[in-house]
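*Asks:* I'd like to ask you about the structure that follows.
The values are calculated or read from the model by the stated rules, or taken from the named source; none is laboratory data. None of the values given here were measured: they were computed from a predicted structure. With ideal geometry, Cβ positions are generated from the backbone for all residues, glycine too; neighbour counts draw on all protein chains shown. Just so you know, the surface numbers come from the protein's heavy atoms only, side chains and all, with ligands and any DNA or RNA stripped out. Shrake-Rupley method; radii C 1.70, N 1.55, O 1.52, S 1.80 Å.
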Amino acid sequence: MKSGEPDAGELLGASVPHLVPERVVEVASAQAGRPVAGYVLAVEGSFALRLAGDVERFPERIRAPVGVGPEIIPEALPQLRALVIDRVGPSTLWPMVVRDRVMGFLLARDRPGVDLEAFAGQAALALELASGYTDALHAVRRRKDTQPAAEIQQNLLPPRLARVEGAEVAGGVLPGYDVGGDFFDYAGNADGLWLVVADATGKGNSAAALSSLAIGALRAARRAGAGLQEAARLADEAILTLDMQLYLTAVLGSWDANGHRLRWINCGHPTPLILHANGRVDELDGDRTYPLGIRFSERAFPVLSAQVAPGDRLLLYSDGVSERRTTDGSRIGENGLRAILAALGPCSAATTVRGLQDAVIDASPHALRDDATMLVIAPTTDTPTGHAHARAARHG
Amino acid sequence: MHEETSETTTTIFDDVAIVTVSGELDFAHCIKLAPELNAALRSSARAIVIDLEAVSLVDSSGIALLLNAFRHLDHTGRQLAIACPMGSPRRAFELTALDRQLPMHETRQEALAAVGAN
């Protein structure tokens, strides 16, 4: 970054939080010597929405199905550039990146003589930090009114795209503005990658309440050093105390980057799938227990185990994917899901999630009636510290 | 959109309430089925048979409804039997591992026999 360009701390410090977006485009415009706009992605990842910038020069929204949630898939940047140029004419786009998260972009018309790449990184940091204090970013990311349950869901979810030790992670929930009740979660810890995909019975407010409690119980257990079985037991007990006659199906797992070993518990949830490098799709079936929040008698949580190695992709999903109604009145089904995965071919975790989401959306012109959730883990051969831009982000 | 019509009827046979369901037992159908099922639960019938022989698919809402019916009857000491053939309708029970907890039977005949209605 050139001297004179403010860094993230200065951008934040010079403005109150809700004015940080304006401040970012003001500084960027001064650097570029022409108007610059800032864009973020809608929560469902299909539109770029203007966060700040001249309303006469820059459109409010640009159709761009390049996201998983509000995060832009890095390998979809060429596609995004093409869509933007198609809409606004010759222009230059600098992605705003925090670690691996492309959370938006700066946009100038034509080709300015300066490169705003480094500044865009500082702007991304400042905006992410500011969004903890203001609705300015959250409001722009929502194209439609969001139901309370869906708002809770958005706030429960971790970053949609991530790199953890030895793997890429991508997760998404549709439709995003309503329904609610599904969640996914993960954490890259010293003892491995924790993951969960869960689906609360029913929809809307009661499902959101149940999911919030369950994710709280699971995170608390994880952070207290509990193992998988203990975490499942604590979540089960927490849900039972609600006495709401509601339950939660879930797959809880942990994956070890060194041995590539996945251990998991299936509590009444759709069977995880493993996509091998050669295109074969296998079910990770085995002994399962009934959903969390139900008590028949003393229950056990059987732990299953399988290898998920570089070249493989692990898919955890909710029944909103397989039970999505298609135009002909039937459902995608488990076989349909396998066919979709086969058609996607080998691709990154993020592109797998986006491809599945497109297939779910395109299955029918009608809105989704249930949450469709997916979490993909793609083990990589390189170590996370080997990535140049990760180093740059840490030292930048 | 083409969708299968979903219907529910209740009949009484040998003091057993038989709730017959057809179509897809999903969220929309559960909203219609719940009052019918509740009426059967509140009735003086000594047992309830839920016949899913003509059901093509059961989703998580359907599972929740049947599970709550089972719990209700269990509390009042009355019997439940669910007739649900293998294949697509049985799949949701298998995935939730509730096929091992709920009184599942392959056919209506077997379900009726299980509650002693002949």
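*Asks:* Show that you can apply the helix-only estimate: for chain B, add -39,500 (n - 2.57) for every DSSP H stretch of four or more residues, divide by all residues, and state [θ] at 222 nm to the nearest 500.
*Replies:* Working: 4 runs with 48 residues, N = 118.
The helix-only estimate for chain B comes to -12500 deg cm²/dmol at 222 nm.
*Asks:* Averaged per residue, what accessible surface does the stretch A:8-143 expose to a 1.4 Å probe, in Å²?
*Replies:* Numbers: 5630 Å² over 136 residues.
Each residue of the stretch A:8-143 exposes 41 Å² on average to a 1.4 Å probe.
*Asks:* If you don't mind, another one. How large is the accessible surface per residue of the stretch A:167-318, computed with a 1.4 Å probe and reported in Å² as a whole number?
*Replies:* 34
*Asks:* Also, quick follow-up: Loop-only check: which chymotrypsin sites (Phe, Trp or Tyr not before Pro) in the stretch A:238-325 are DSSP coil with at most 14 other Cβ within 10 angstrom? It would help to have the intermediate numbers written out before the result.
*Replies:* Working: sites: A:TYR247, A:TRP255, A:TRP264, A:PHE296, A:TYR317; in loops: A:TYR247, A:PHE296.
Within the stretch A:238-325, the qualifying chymotrypsin sites (Phe, Trp or Tyr not before Pro) (loop, at most 14 other Cβ atoms within 10 Å) are A:PHE296.
*Asks:* For the stretch A:8-143, just run the numbers: alpha carbon Rg, then divide by 2.2 N^0.38 Å, N being how many residues it has.
*Replies:* Working: Rg = 13.3 Å, N = 136, 2.2 N^0.38 = 14.2 Å.
Cα-based Rg divided by the globular estimate yields 0.93.
*Asks:* Let me ask something else. A:SER15: net charge of surrounding residues, Cβ under 9 Å, Lys/Arg +1, Asp/Glu -1, itself excluded?
*Replies:* 0
*Asks:* A follow-up question, please. Give me the percent of accessible area attributable to carbon and sulfur for the stretch A:8-143, probe 1.4 angstrom. Kindly include the intermediate steps, with their values, before the conclusion.
*Replies:* Working: 2880 of 5630 Å².
Roughly 51 percent of what the probe reaches on the stretch A:8-143 is carbon or sulfur.
*Asks:* To continue, here is another question. Subtract the Cα-Cα distance of A:THR327 and A:ASP285 from 0.36 nm times their separation in residues, and report this length gain in nm to one decimal.
*Replies:* That works out to 12.1 nm of additional length.
*Asks:* How much solvent-accessible surface does A:CYS347 expose, in Å² to the nearest 10, with a 1.4 Å probe and all protein chains in place?
*Replies:* 40
*Asks:* Let me ask you something else. Sort B:HIS29, A:HIS260 by heavy-atom solvent-accessible area, probe 1.4 angstrom, most to least. Don't jump to the answer; show the numbers that get you there.
*Replies:* On the way: B:HIS29 5, A:HIS260 45 Å².
Accessible-area ranking of B:HIS29, A:HIS260, largest first: A:HIS260, B:HIS29.
*Asks:* Over the stretch A:194-333, what percent of the accessible surface lies on carbon and sulfur atoms, probe 1.4 Å? Each step should come with its number before you reach the end.
*Replies:* Values: 2450 of 4980 Å².
Using a 1.4 Å probe with all protein chains present, the stretch A:194-333 comes out at 49 percent carbon and sulfur.
*Asks:* Starting from the eigenvalues of the Cα gyration tensor, five times each then square-rooted, give me the equivalent ellipsoid semi-axes of the stretch B:47-118, largest first, whole Å.
*Replies:* That gives 18, 15, 9 Å for the three semi-axes.
*Asks:* Right, next: How big a patch of accessible area, both sides summed and in Å² to the nearest 100, lies buried between B and A at a 1.4 Å probe? Let's see the in-between values first.
*Replies:* Working: alone 6200 and 16850 Å², together 20830 Å².
That pair of chains buries around 2200 Å² in total.
*Asks:* What figure in square angstrom, to the nearest 10, would you give for the accessible area of A:ILE340 with a 1.4 Å probe?
*Replies:* About 40 Å², ignoring ligands and nucleic acids.
*Asks:* What distance in nm separates the simple spin-label points at A:VAL16 and A:ASN205, each placed 7 Å from Cα in the Cβ direction?
*Replies:* Modelled inter-label distance: 3.3 nm.
*Asks:* Helix-only mean residue ellipticity at 222 nm, chain A, DSSP H runs n ≥ 4 weighted -39,500 (n - 2.57), per residue, nearest 500. What is it? Each step should come with its number before you reach the end.
*Replies:* Details: 12 runs with 133 residues, N = 396.
Value at 222 nm, helices only: -10000 deg cm²/dmol.
*Asks:* Oh, and also: Give me the accessible area per residue for the stretch B:53-100, probe 1.4 Å, as a whole number in Å². Working shown, then result.
*Replies:* Working: 1760 Å² over 48 residues.
Spelled out: the 1.4 Å probe surface of the stretch B:53-100, per residue, equals 37 Å².
*Asks:* What are the semi-axes of the equivalent ellipsoid of the stretch A:70-168, taken as the square roots of 5 times the eigenvalues of the Cα gyration tensor, listed largest first and rounded to whole Å? Don't skip to the end; give the middle numbers.
*Replies:* Working: eigenvalues 128, 61, 42 Å².
Result for the stretch A:70-168: semi-axes of 25, 17, 15 Å.
*Asks:* So what's the net charge close to A:ILE152: Lys and Arg +1, Asp and Glu -1, counting the other residues with Cβ under 13 Å from its Cβ? It would help to have the intermediate numbers written out before the result.
*Replies:* Values: positive: A:LYS203; negative: A:GLU151, A:ASP178, A:ASP182, A:ASP371.
Local net charge: -3.
*Asks:* Could you check how much of the accessible area of the stretch B:47-118 is carbon and sulfur, as a whole percent, using a 1.4 Å probe?
*Replies:* Details: 1330 of 2670 Å².
Result for the stretch B:47-118: 50 percent of the exposed heavy-atom area is carbon or sulfur.
*Asks:* Relative contact order for the stretch A:209-310: what percent, with Cα pairs under 8 Å and sequence separation of 6 or more?
*Replies:* Details: 156 pairs, mean separation 28.2, N = 102.
Contact order relative to length: 28 percent.
*Asks:* Turning to a different aspect of this structure: Of the candidates A:LEU337, A:LEU195, A:LEU314, which one comes out as most mobile in a Gaussian network treatment of chain A with C-alpha springs shorter than 10 Å?
*Replies:* Top of the fluctuation ranking is A:LEU337.
*Asks:* Normalized C-alpha radius of gyration of the protein assembly as shown, against 2.2 N^0.38 Å? Show your work: numbers first, answer last.
*Replies:* Numbers: Rg = 25.4 Å, N = 514, 2.2 N^0.38 = 23.6 Å.
It is 1.08.
*Asks:* Note down the magnitude of the dipole of the protein assembly as shown about its Cα centre, charges +1 on Lys and Arg C-beta and -1 on Asp and Glu C-beta and zero elsewhere, to the nearest 20 debye.
*Replies:* On the way: 48 positive and 63 negative charges, 192 e Å.
Around 920 debye, computed over the protein assembly as shown.
*Asks:* With each pseudo-label sitting 7 Å past Cα toward Cβ, what's the A:ASP358-B:THR11 distance in nm, one decimal?
*Replies:* Rounded to a tenth, the inter-label distance reads 5.2 nm.
*Asks:* Could you work out the local net charge near B:ALA111, counting Lys and Arg as +1, Asp and Glu as -1, over the other residues with Cβ closer than 11 Å to its Cβ?
*Replies:* Details: positive: B:ARG108; negative: B:ASP51, B:GLU53, B:GLU106, B:GLU110.
Local charge sum for B:ALA111: -3.
*Asks:* Another question, then. Run the numbers for A:ALA190 and A:HIS260: contour at 0.36 nm per residue of separation, minus the present Cα-Cα distance, in nm. Let's see the in-between values first.
*Replies:* Numbers: separation 70, 0.36 × 70 = 25.20 nm, distance 1.42 nm.
Taking 0.36 nm per residue and subtracting the Cα distance, the gain is 23.8 nm.
*Asks:* Starting from 0 in steps of 5 Å, tell me what percent of the Cα-Cα pairs of the stretch A:225-348 lands in each bin.
*Replies:* With a bin width of 5 Å, the distribution comes to 2, 10, 18, 18, 18, 14, 11, 7, 2, 0.
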